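What follows is a set of notes on a single structure, which appears directly below.
Please treat every number below as a calculation from the coordinates, not as lab data. Being a predicted model, the structure only gives us computed values, none of them experimental. Heads up, the Cβs are rebuilt from the backbone with ideal geometry, glycines too, and the neighbour counts pull from every protein chain shown.
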Amino acid sequence: MPGNDKRFPSWIQHAGIGLEMAGAVAGFALVGYWIDRHFGSKPWGLVIGVALGLVGGLYNMVKESLLATREAQAEDEANEAHRPDGRSGGTDGD
């Protein structure tokens with residue numbers, strides 16, 4: 001999922017991240033299940049497959065979250081630099 005893709009609302013992009021995680025877990029679980037049936041290693045193939053899917057899905061989720069955080073910070077800095085009065089959005093302590 002490209003980070004700079006503005007064709008979709010942010011909630012759809014974030015929902016996609018969750019679907020990617022679910023897909024990773026399901027895909028690795030299916031591979032583990034196949035290994036169990038093919039080699040008779042019940043239940044270790046499925047357990048290892050689910051674990052690998054969770055690790056891969058979480059890695060991708062953290063990577064996308066960090067990217068979204070960096071993009072939000074850059075957008076905030078750009079918006080702050082374009083304020084006509086040059087002030088930040090915070091209170092001035094009067």
Förster radius 25 Å - calculated FRET efficiency between residue 7 and residue 30, Cβ distance, rounded to 0.05: 0.20
Calculated SAXS-style log₁₀ I(q)/I(0) at q = 0.26, 0.27, 0.30 Å⁻¹ - region 22-71, Debye, Cα scatterers: -0.81, -0.85, -0.94
